[in-house]
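The values are calculated or read from the model by the stated rules, or taken from the named source; none is laboratory data. Computed from a predicted structure; not experimentally measured. Here the Cβ positions follow ideal geometry from the backbone for every residue, glycine too, while neighbour counts run over all protein chains shown.
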Amino acid sequence: MTDAVTRPTRPSRPPATGQDSDVVTGDGLTDLLNAVLSVASGLDLRGVMERFVKVSTELTNARYGAINVLDARGASTTFVQSGMPTSIAEMMSNPPHSIGVLGRIPAHGVLLLEDLTQHPAFRGFPPNHPPMGSFLGAAVRVREQVYGYLYLSEKDGGFTRADADVVVALAAAAGIAVANAQLYADAARREHWLRAGQDITTMLLSGVDEEEALEHIAATAREVSGADTAALALPGVGGELVVELADGHAAESLIGAVMPRDGRSWSVMDEGRGLLVESLSASRVVRVAPMRAFGPALFAPLQTSGRGVGVLIVLRRIGSAPFEPSDLVTAESFAAQAALAFVLAEARHAQDVAALLDERERIARDLHDLAIQQLFATGMQLETVRRRAARGVDPSELMGIVEDALDNVDGSVRQIRQIVYALRDPDAATGLVERLRREASLARTGLGFAPSFVVSLDGTVVPDGDYIEADQLDARIGPDLTDDVVAVVREGLANAARHAQASSVSVRVSVRGSGPTGRVLVEVQDDGAGLSGRSDRRSGTGNLAARASQHGGTFSLGATPDGRGALLSWEAPLG
């Protein structure tokens with residue numbers, strides 16, 4: 001028996017029209033074309049391989065069939081078989097490698113054997129393996145590279161040249177289908193990475209806690225890349241690069257690990273280029289002990305505009321399939337987007353700090369120029385009263401000075417109250433309409449679109465720039481209730497951004513009447529997933545209910561009248 005295609009010698013006979021002849025014709029050709037179309041039409045990689053094995057065994061009448069996908073070292077990464085009972089397949093712990101007879105399958109053509117046990121390269125069967133004799137093997141090539149091998153065995157009477165032709169045609173169709181499935185999977189992965197990057201940007205720019213954002217980055221990277229673990233190495237105390245957060249298998253062992261200065265992580269962050277490692281466990285240069293427990297690894301820099309923020313490390317268990325170059329490209333894009341979001345969030349935080357300092361300076365000026373100066377003048381007046389009283393001046397002459405001093409004290413108290421009130425909300429001096437429009441504008445980042453916004457007074461919409469109507473609305477609501485209305489709108493828009501997955505959100509604020517009989521109604525409505533797919537924070541909705549109860553009002557969160565999305569409704573009396 002040789003490695004070449006082998007065909008048994010048979011007596012001369014008329015050509016047949018089925019699969020057992022040397023030429024595929026008639027119904028056999030129709031079956032082959034249908035099978036090729038069946039295999040080549042799939043986009044799910046696992047489904048393509050299962051169909052390929054199934055139709056190969058059916059068209060050749062083989063009892064056993066399998067496709068074995070191998071890595072660069074010849075080790076099996078995916079093994080799909082047909083014909084072998086599940087109980088027996090489970091007893092065979094490892095799929096076959098490309099050695100022995102299986103290693104003799106050519107890259108082009110087939111290996112056709114009457115009895116594979118008689119081949120010089122045969123090394124015996126593993127324990128629990130069923131006996132096999134006749135054999136037909138062929139390579140499946142994707143873009144001219146061998147992707148895997150098809151094994152067929154145990155056909156009554158042995159495999160024929162027609163079977164070989166069928167297998168070659170099916171292998172070609174399978175190669176095309178695998179290539180299409182890989183492209184489809186790559187596109188889906190890229191879309192997932194991009195969507196994940198957008199989510200991170202939205203989270204950071206909407207003011208979410210940094211720790212929560214880091215956890216989301218690690219969990220998303222692990223999920224999208226099909227990895228077992230994801231970690232973030234970030235600059236720490238003393239300029240060290242430390243794993244501050246990890247998600248997945250053995251995550252606890254990685255947290256706190258310090259990356260060596262001359263190691264891969266520092267190189268990736270300094271150079272701004274990602275890195276693939278086939279196996280950390282097999283690498284001699286891995287000095288971080290917990291990482292030796294992993295196989296394939298991917299390092300992507302968290303870098304933007306030449307500034308290194310950290311390194312994203314994605315890991316798979318020993319023996320898992322290595323990461324592909326396409327995985328690195330998409331991971332680098334995701335990491336860069338996350339880094340940019342971090343830098344923007346830091347800039348916004350710095351801007352907030354600067355605004356806070358400016359606000360403190362303004363408050364100090366107001367206290368000095370208004371309250372303190374007025375109190376100083378009052379002290380001077382009282383000092384005059386004291387001196388005149390000491391000289392025996394008629395008390396009636398001093399009453400006017402004392403009354404002026406008391407008025408000044410009252411004025412100082414009012415000034416201090418206004419300053420303290422402004423401390424509660426930097427926008428306190430701004431009217432309700434302007435504050436609500438600002439909330440709607442800020443929510444655009446989290447929602448991905450601008451929400452619609454309508455304010456009405458006694459049934460008439462307050463137009464932009466109508467300061468008279470806006471002032472009347474402020475006069476009816478009052479400062480305390482204004483704060484609550486703004487808080488309700490802010491929470492409603494935040495809930496819609498986090499959970500609704502909506503394409504539109506509308507905010508409606510309606511004021512009717514005045515005094516105790518008047519009412520203010522706030523409604524935030526979206527057309528998203530509704531309440532069934534939403535997990536609103538209890539603290540947020542609880543606060544809204546508490547605010548309504550404080551004013552003797554009502555709060556509800558339910559479905560919209562048409563059943564699409566959710567409707568938040570908050571109402572309180574004006575007086």
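Overview of values
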| quantity | calculated |
| --- | --- |
| Matching residues, region 171-183, being modelled with pLDDT of 75 or more, under 11 Å from V48 (Cβ atoms) and either under 27 Å from the mean Cα position of the chain (by Cα) or surrounded by 19 or more Cβ atoms within 10 Å (Cβ to Cβ) (or both) | A173, A174, G175, A177, V178, A179, N180, A181 |
| Total residues in region 389-408, condition without any contact (Cβ under 8 Å) to a residue 24 or more places away in the chain and touching a helix residue (DSSP H, G or I) at 6+ places or on another chain (Cβ under 7 Å) | 5 |
| Which listed residue, of S87, S38, S56, is in a helix (DSSP H, G or I), small (G, A, S) and at pLDDT 75 or above | S56 |
| Condition met for T202 (crowded, with 17+ Cβ neighbours inside 10 Å and modelled with pLDDT of 85 or more) | no |
| Hey, G238 free of Cβ contacts under 8 Å to residues at least 12 places away in the same chain and either farther than 30 Å from N495 by Cα or in the same structural domain as R490 (by TED's automatic domain parsing) (or both) or not | yes |
| Options V488, V462; residue that is in contact with a strand residue (DSSP E or B) (Cβ under 6 Å, 6 or more places away or on another chain) and within 22 Å of P561 (Cα to Cα) | V488 |
| Which listed residue, of L102, L150, is over 13 Å from S56 (Cβ atoms), crowded, with 16+ Cβ neighbours inside 10 Å and not acidic (D, E) | L102 |
| Residue in region 222-229 that is free of Cβ contacts under 8 Å to residues at least 60 places away in the same chain, out of contact with any His (no Cβ under 9 Å at 6 or more places or on another chain) and buried (at least 19 other Cβ atoms within 10 Å of the Cβ) present | no |
| Strands (runs of 3 or more DSSP E) wholly inside region 94-161 that include at least 1 residues being among the hydroxyl-bearing types (S, T, Y) and within 17 Å of F52 (Cβ to Cβ) | 145-153 |
| Total residues in region 548-575, condition touching a Phe, Trp or Tyr at 6+ places or on another chain (Cβ under 6 Å) and of a type in the set (A, V, I, L, M) | 1 |
| Output for region 241-265, where each listed residue is surrounded by fewer than 19 Cβ atoms within 10 Å (Cβ to Cβ), without any contact (Cβ under 8 Å) to a residue 24 or more places away in the chain and assigned to a helix (DSSP H, G or I) | E252 |
| Positions within region 106-133 being within 16 Å of T60 (Cα to Cα) and surrounded by 23 or more Cβ atoms within 10 Å (Cβ to Cβ), in sequence order | V110, L111, L112, L113 |
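Residue-wise test of (1) modelled with pLDDT of 75 or more; (2) aliphatic (A, V, I, L, M); (3) in a helix (DSSP H, G or I).
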site: F376; (1), (2), (3): no, no, yes
site: N408; (1), (2), (3): no, no, yes
site: V413; (1), (2), (3): no, yes, yes
site: R417; (1), (2), (3): no, no, yes
site: Y421; (1), (2), (3): no, no, yes
site: V454; (1), (2), (3): yes, yes, no
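Okay, residues lined up against (1) assigned to a helix (DSSP H, G or I); (2) more than 14 Å from L436 (Cα to Cα); (3) of a type outside the set (K, R); (4) at pLDDT 80 or above:
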{"residue": "A475", "(1), (2), (3), (4)": "yes, yes, yes, yes"}
{"residue": "L481", "(1), (2), (3), (4)": "yes, no, yes, yes"}
{"residue": "A487", "(1), (2), (3), (4)": "yes, no, yes, yes"}
{"residue": "E491", "(1), (2), (3), (4)": "yes, no, yes, yes"}
{"residue": "E523", "(1), (2), (3), (4)": "no, no, yes, yes"}
{"residue": "G542", "(1), (2), (3), (4)": "yes, yes, yes, no"}
{"residue": "A546", "(1), (2), (3), (4)": "yes, yes, yes, yes"}
{"residue": "S549", "(1), (2), (3), (4)": "yes, yes, yes, yes"}
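Residue-by-condition table, conditions (1) in contact with a Phe, Trp or Tyr (Cβ under 6 Å, 6 or more places away or on another chain); (2) surrounded by fewer than 16 Cβ atoms within 10 Å (Cβ to Cβ); (3) among the small types (G, A, S); (4) under 20 Å from A545 (Cβ atoms):
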| position | (1), (2), (3), (4) |
| --- | --- |
| V461 | no, yes, no, no |
| R476 | no, no, no, no |
| D480 | no, yes, no, yes |
| R490 | no, no, no, yes |
| A494 | no, no, yes, yes |
| Q501 | no, yes, no, no |
| V509 | no, no, no, yes |
| S514 | no, yes, yes, no |
| V520 | no, no, no, yes |
